[in-house]
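Notes follow the structure.
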2 protein chains.
Amino acid sequence: MTNPIFAAIAPPLRVLMGPGPSDVHPRVLEAFARPTVGHLDPYYLQVMGELQQMLRQVFRTDNPMTLAISGTGSAGMEATVVNLIEPGDRMVVGVNGVFGGRMAEVATRAGAEVTRIEKPWGEVFSAAEVAEAVEKVRPKVVGIVMAETSTGAWQPIEEISRIVHDAGALLLVDAVTSLGGVPVEVDAWQIDAIYSGTQKCLSCPPGLSPVSFGPRAMEAMQRRKHKVQSWYLDISLLASYWGEERVYHHTAPINMTYALHEALRMVLEEGLEASFARHLRNHEGLRAGLQALGIDFTAAEGNRLPMLNAVKIPDGVDDARLRKDLLNLFGIEIGAGLGVFKGKVWRIGLMGHASRTRNVLLFLAALEQLLESQGRPSVGGASIAAANAVFAQA
Amino acid sequence: MTNPIFAAIAPPLRVLMGPGPSDVHPRVLEAFARPTVGHLDPYYLQVMGELQQMLRQVFRTDNPMTLAISGTGSAGMEATVVNLIEPGDRMVVGVNGVFGGRMAEVATRAGAEVTRIEKPWGEVFSAAEVAEAVEKVRPKVVGIVMAETSTGAWQPIEEISRIVHDAGALLLVDAVTSLGGVPVEVDAWQIDAIYSGTQKCLSCPPGLSPVSFGPRAMEAMQRRKHKVQSWYLDISLLASYWGEERVYHHTAPINMTYALHEALRMVLEEGLEASFARHLRNHEGLRAGLQALGIDFTAAEGNRLPMLNAVKIPDGVDDARLRKDLLNLFGIEIGAGLGVFKGKVWRIGLMGHASRTRNVLLFLAALEQLLESQGRPSVGGASIAAANAVFAQA
């Protein structure tokens, strides 16, 4: 065995405009570095309680069972699925991108009889399509992705929720990318279980997954005949640690919790409505600029997420080279296409702290330069002019 | 809904002498606060590679499949169990404390037919006891806790490993509390799968779980007939992200990885042997001091962990009051007893950065004062004198 000791961590300074992680404000980074205390320290218990109260505000819910799972967004997906599903339960999952497919896979592994309803990538489900499946399958749970990070499609939830509940089923929503950037109304829309991530519009590094369970989901969990297959993600056990009993379950990720606490403080200081408006405005500026470059979105107008702009790579452009140049020459990270969109789509994130006018302008200016460097005709700053025209109206 | 915005994170300064988290060096806290990059950024991929190389050194293994699970130690426990176990597989688990019991529970939820072999808390298993169970059950996997954090018992592994392998079974070891503080020889002892935590002798805040899988475990995983029940913890998927393909699985906890990288650098700078010697020396100083106070260990001599000192609370002492006074008057956290040891045992951690002579002396001095405040006769500084006598010899 060799014995290398490597250099200390010294990351390059990026502008994180991919599908997450998004840019992190220095205040959040500083919170990370606060002294560690024990997971049963009175101070930490106070922080947990505050975190829950702030998460409830962001989710717009009074659900007592609102907490952060000690893992990333995919752990939150797994936590919600395995707590709601018992072997043999029927579940309908909407699959119109990578993350719907992932939810179906997680549910299958949990023993669910999964019915996938599918739409082309970039499209969303109509209420009628969900109604048809629910009527046919009579599922226990319907799972749907509100913000499909692989396609940029924005799935409306409210009408689907009524259909799901009329059929006596539970609604599980993936809000990993949407939370904090567009309205997510857990109580008003009667979402039964929901999960999110920290590294998107909350602008906190990845590592925790905010989740919330409503009263119908809690009842279903109390009626379970089998234990949850995951001990680590078992909400009935986590409830005793996050609840008043404070029974030790696992050692919580203390400093990660500090960071999310500060990130939530910043979201609430700005105000959710102001955050939504900012995400929308910067999206519109970006869209105008991209239009001037002849670049189109994958999702139809009216269903485009403001924080995740999935756009078609123009013909003849070398995808890998352009993203590499963006990173190396400008420090800008954007996302590659996933799955069937690989090599065909860029995913431009304007999430949380990264959703700033200056990032839109920098990105468009860099993109103009790099497209020219690949032989595309110059548009002479037209993308900047178009974006600035939008920002001037705002 | 109310709209409270809470004060910024400002933790009290603790001396973390409980069962973990242990004290964290400022260098590790500072690493946390380095700028976030993307989970597919070339720089982050380099950090992952370095992390793996450092973990291999600490585990003393050449296992390619050595990585950090994106969850705490209990997630590592679950990851190793669910990847090795398929429904109906037989598993023998040694239960002599909370964490053996937890492993049996996790394995049961994974569909294993679990045979628990039990010993009183504080005792360890003899090779003969394991041999008897293995012969009778013919299990696929034998799980054993090397450092039982609930009792302070130090389980020898090497001879058990031979017995397990002679019977054609796989050995799974819980090294959450042992790694970095006492020798953990994955290759020399032929451990097939092992998991640890970051918040014990590695002195990094909780949030990741180092794991390693040897060649026999890899073969068993390749022969699986069923998918791993957890998508999040499926090693076959994680392998494609940590391996050369770099296929996106989940968004890695970037800054948590920075912190572990720095913590491992510090462990390797000191050197493992030096770390083991330091843990042993401080344990011996503490033991001498406690002896002078008439306080005894729960584990028999010869099987006491140096980093986790589980001791019997003297008769007539108010457990809760003493721990509260330690915390509020001196900032010292020690651990309460778990399970059958609740109210009967203290768990005094001397782990990683917290294993320092000055902490031993401060703790003994504070304990003398607080025992006197509860009406116990003064020993007149005898615990300090006894500890100093040990330190003088070292």
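The table below lists the values:
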| read-out | value |
| --- | --- |
| Hits in segment B:69-89 - residues which are facing chain A (nearest Cβ under 10 Å) and among the small types (Gly, Ala, Ser) | B:SER70, B:GLY71, B:GLY73, B:SER74, B:ALA75, B:GLY76, B:ALA79 |
| Residue among B:ALA252, B:ALA263 that is crowded, with 20+ Cβ neighbours inside 10 Å, within 16 Å of B:TYR44 (Cα to Cα) and within 14 Å of chain A (Cβ to nearest Cβ) | B:ALA252 |
| Odd one out for B:ARG281 among (1) in contact (Cβ under 8 Å) with a residue 40 or more places away in the chain; (2) in the same structural domain as B:VAL182 (by TED's automatic domain parsing) | (2) |
| Near pairs, Cβ below 7 angstrom, 6+ apart or cross-chain, from segment B:295-317 (in a strand (DSSP E or B)) to any residue that is of a type in the set (S, T, N, Q) | B:PHE297/B:ASN309; B:LEU308/B:THR149; B:LEU308/B:THR177; B:ALA310/B:THR151; B:ALA310/B:THR298; B:VAL311/B:THR298; B:LYS312/B:THR298 |
| Test: A:THR36 is surrounded by 24 or more Cβ atoms within 10 Å (Cβ to Cβ), within 23 Å of A:GLY180 (Cα to Cα), out of contact with any Lys or Arg (no Cβ under 7 Å at 6 or more places or on another chain) and of a type in the set (Ser, Thr, Tyr) | no |
| Count - residues of segment A:318-342 that are more than 22 Å from A:THR177 (Cα to Cα) and either in a loop (DSSP other than H, G, I, E, B) or small (Gly, Ala, Ser) (or both) | 3 |
| Yes/no for B:ALA33 being in contact (Cβ under 8 Å) with a residue 40 or more places away in the chain, assigned by TED's automatic domain parsing to the domain that holds B:PRO183 and closer than 30 Å to A:ALA354 by Cα | yes |
| Matching residues in segment B:109-132 - criterion: being within 13 Å of chain A (Cβ to nearest Cβ) and assigned to a helix (DSSP H, G or I) | B:ARG109 |
| Count of residues meeting criterion [crowded, with 24+ Cβ neighbours inside 10 Å and touching a Ser or Thr at 6+ places or on another chain (Cβ under 8 Å)] in segment B:107-145 | 2 |
| Single residue of segment A:90-108 satisfying the filter (farther than 14 Å from A:LEU171 by Cα and not in a helix (DSSP H, G or I)) that is farthest from the other protein chains (Cβ to nearest Cβ) | A:ASN96 |
| Residues (within 7 Å of chain A (Cβ to nearest Cβ) and in a loop (DSSP other than H, G, I, E, B)) located in segment B:20-38 | B:GLY20, B:PRO21, B:VAL24, B:ALA33, B:ARG34, B:PRO35, B:THR36, B:VAL37, B:GLY38 |
| Residue satisfying all of: in segment B:7-19; facing chain A (nearest Cβ under 8 Å) and in contact with a helix residue (DSSP H, G or I) (Cβ under 7 Å, 6 or more places away or on another chain); surrounded by the most Cβ atoms within 10 Å (Cβ to Cβ) among these | B:LEU16 |
| Complete set of residues in segment A:366-383 that are assigned to a helix (DSSP H, G or I) and surrounded by fewer than 18 Cβ atoms within 10 Å (Cβ to Cβ) | A:GLN369, A:GLU372, A:SER373, A:ALA382 |
| Which numbered condition A:GLY76 misses (of (1) in contact with a Lys or Arg (Cβ under 8 Å, 6 or more places away or on another chain); (2) under 17 Å from A:SER209 (Cβ atoms)) | (1) |
| Unmet requirement for B:VAL173, which otherwise passes all of (1) more than 22 Å from B:THR66 (Cβ to Cβ); (2) under 17 Å from the mean Cα position of the chain (by Cα) | (1) |
| Filter result for B:LYS140 (away from every other protein chain (no Cβ under 14 Å), under 21 Å from B:ARG224 (Cα atoms) and of a type outside the set (S, T, N, Q)) | yes |
| Qualifying positions in segment B:47-89 - of a type in the set (S, T, N, Q), part of a helix (DSSP H, G or I) and within 19 Å of B:GLY243 (Cα to Cα) | B:GLN52, B:GLN53, B:GLN57, B:THR80, B:ASN83 |
| Only one of A:ALA385, A:ALA354, A:ALA394, A:ALA389 that is modelled with pLDDT under 95 and not polar (S, T, N, Q) | A:ALA394 |
| Residue check, A:GLU244 over 30 Å from A:PRO42 (Cα atoms), among the acidic types (Asp, Glu) and either away from chain B (no Cβ under 13 Å) or touching a strand residue (DSSP E or B) at 6+ places or on another chain (Cβ under 8 Å) (or both) | no |
| Which listed residue is farther than 26 Å from B:SER161 by Cβ and in contact with a strand residue (DSSP E or B) (Cβ under 7 Å, 6 or more places away or on another chain), from B:LEU237, B:LEU208, B:LEU260, B:LEU202 | B:LEU260 |
| Within segment A:43-71, tally of residues that are under 16 Å from A:HIS261 (Cα atoms) and in contact (Cβ under 8 Å) with a residue 12 or more places away in the chain | 19 |
| Lone unmet requirement of (1) buried (at least 24 other Cβ atoms within 10 Å of the Cβ); (2) over 15 Å from A:ALA75 (Cα atoms); (3) more than 10 Å from every other protein chain (Cβ to nearest Cβ) for A:SER203 | (3) |
| Residue match in segment B:53-68 (condition: touching a Lys or Arg at 6+ places or on another chain (Cβ under 6 Å) and more than 7 Å from chain A (Cβ to nearest Cβ)) | yes |
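Residues checked against (1) assigned by TED's automatic domain parsing to the domain that holds B:VAL182; (2) hydroxyl-bearing (Ser, Thr, Tyr); (3) over 17 Å from B:ARG287 (Cβ atoms); (4) touching a Ser or Thr at 6+ places or on another chain (Cβ under 9 Å):
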position: B:ILE348; (1), (2), (3), (4): no, no, no, no
position: B:HIS353; (1), (2), (3), (4): no, no, yes, yes
position: B:LEU370; (1), (2), (3), (4): no, no, yes, no
position: B:ALA386; (1), (2), (3), (4): no, no, no, no
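The values are calculated or read from the model by the stated rules, or taken from the named source; none is laboratory data. All values derive from a computational prediction rather than experimental measurement. A quick note on method: Cβ atoms are made from the backbone with ideal geometry, for glycine too, and the neighbour counts reach across all protein chains shown.
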